[in-house]
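Worksheet: one structure, shown below.
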Amino acid sequence: DICIIDSSFFGRMFPVLQAPHESDLEDFYAKLGSTYITKRVEKTFEVIGEKKQKTSLTNDLIQRIQERRPLLVSPDITSRPMEANASTILDDKHLDVIQVNTVKAVYSLGKSVNKQNVTCCAIATGRKKNAIYVTDPFDWFDVGSAIGGLILQRCQLEDSFFFGS
């Protein structure tokens, strides 16, 4: 199968046949049945270590998310569609922040699996409940990716930078 590379990160990570990086040719390959690599890569997380809540780190991060929530869920901040319930996703009744020792992102494409240490991720913990797992220290880009992954239907690189700023 030929993949259309809409993520250079995944394009470098996995040995796949790639459609040429030309928008007209990408459209042509899509009509022939090629899929975007981001649609084929499965991403999960491994959270390792003791889970701690109500630490100074988690309290500070919760406070910052709640202060910025009106801006983060504003429909004017991105051209990409938001989840229908974006404003409630970041509400402190629906979101826990938990400090852990290690977070690993696990990327799978077919039989190929790659793991990478990250400092933050978001995982659904219930029907309308999510948790952000964070290490100390953490990278704001990883926090932005976690938040973007929760409230946007498709989070892009620039969204992660914005949400993490």
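Quick one: count up the residues across the stretch 70-79 that are surrounded by 12 or more Cβ atoms within 10 Å (Cβ to Cβ) and polar (S, T, N, Q).
2
Test each condition in (1) open to solvent by less than 20 Å² (accessible area, probe 1.4 Å); (2) in contact with a Lys or Arg (Cβ under 9 Å, 6 or more places away or on another chain) for ILE132 and report the one that comes out false.
So ILE132 meets the others, but not (2).
Give the residue that is nearest to LEU90 (Cα to Cα), with candidates limited to residues of the stretch 32-43 that are open to solvent by 70 Å² or more (accessible area, probe 1.4 Å) and not in a helix (DSSP H, G or I).
LYS43
In the list SER145, SER165, SER160, which residue meets the criterion of being under 23 Å from GLU67 (Cα atoms), exposed (fewer than 13 other Cβ atoms within 10 Å of the Cβ) and touching a helix residue (DSSP H, G or I) at 6+ places or on another chain (Cβ under 8 Å)?
Sole residue among the options that is under 23 Å from GLU67 (Cα atoms), exposed (fewer than 13 other Cβ atoms within 10 Å of the Cβ) and touching a helix residue (DSSP H, G or I) at 6+ places or on another chain (Cβ under 8 Å): SER165.
Among the residues of the stretch 149-161, what is the count of those that are in contact with a Leu (Cβ under 9 Å, 6 or more places away or on another chain) and either under 21 Å from PHE10 (Cα atoms) or among the small types (Gly, Ala, Ser) (or both)?
2
Which of the numbered conditions does ASN85 fail, given that it passes all the others? Conditions: (1) touching a helix residue (DSSP H, G or I) at 6+ places or on another chain (Cβ under 6 Å); (2) among the polar types (S, T, N, Q); (3) over 23 Å from GLY49 (Cα atoms).
If we test ASN85 against (1) touching a helix residue (DSSP H, G or I) at 6+ places or on another chain (Cβ under 6 Å); (2) among the polar types (S, T, N, Q); (3) over 23 Å from GLY49 (Cα atoms), just (1) comes out false.
Restricting attention to the stretch 44-69, which residues are in contact (Cβ under 8 Å) with a residue 40 or more places away in the chain, among the polar types (S, T, N, Q) and open to solvent by 50 Å² or more (accessible area, probe 1.4 Å)? Before you say what the answer is, go through the steps one by one.
Taking the stretch 44-69 first, the residues in contact (Cβ under 8 Å) with a residue 40 or more places away in the chain are 44-53, 55, 57-58, 61, 65.
Subset that is among the polar types (S, T, N, Q): 44, 53, 55, 58.
Those that are in contact (Cβ under 8 Å) with a residue 40 or more places away in the chain, among the polar types (S, T, N, Q) and open to solvent by 50 Å² or more (accessible area, probe 1.4 Å): THR44, GLN53.
Residues checked against (1) of a type in the set (Gly, Ala, Ser); (2) closer than 25 Å to ASP136 by Cβ; (3) over 17 Å from the mean Cα position of the chain (by Cα):
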| site | (1), (2), (3) |
| --- | --- |
| PHE14 | no, no, yes |
| ALA19 | yes, no, yes |
| SER23 | yes, no, yes |
| ALA30 | yes, no, yes |
| LYS43 | no, yes, no |
| ASN59 | no, yes, yes |
| GLU67 | no, yes, yes |
| THR78 | no, no, no |
| ASP91 | no, yes, yes |
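Which condition breaks for LEU95 when tested against (1) free of Cβ contacts under 8 Å to residues at least 24 places away in the same chain; (2) crowded, with 16+ Cβ neighbours inside 10 Å?
Result: LEU95 fails condition (1) only.
Answer yes or no as to whether ALA124 is within 28 Å of PHE10 (Cβ to Cβ), open to solvent by less than 30 Å² (accessible area, probe 1.4 Å) and under 17 Å from the mean Cα position of the chain (by Cα).
Judged against the criteria, ALA124 is not a match.
Within the stretch 11-20, does at least one residue satisfy the condition of being outside any helix (DSSP H, G or I), of a type in the set (Phe, Trp, Tyr) and modelled with pLDDT of 95 or more?
Checked against the condition, which is being outside any helix (DSSP H, G or I), of a type in the set (Phe, Trp, Tyr) and modelled with pLDDT of 95 or more, the stretch 11-20 yields at least one hit.
The values are calculated or read from the model by the stated rules, or taken from the named source; none is laboratory data. Fair warning: this is a prediction, and the values are worked out from it, not measured in the lab. FYI the Cβ positions are ideal-geometry reconstructions off the backbone, even for glycines, and counts take in every protein chain you see. What goes into the accessible areas is simple: the full protein's heavy atoms, side chains included, and nothing from ligands, DNA or RNA. Shrake-Rupley method; radii C 1.70, N 1.55, O 1.52, S 1.80 Å.
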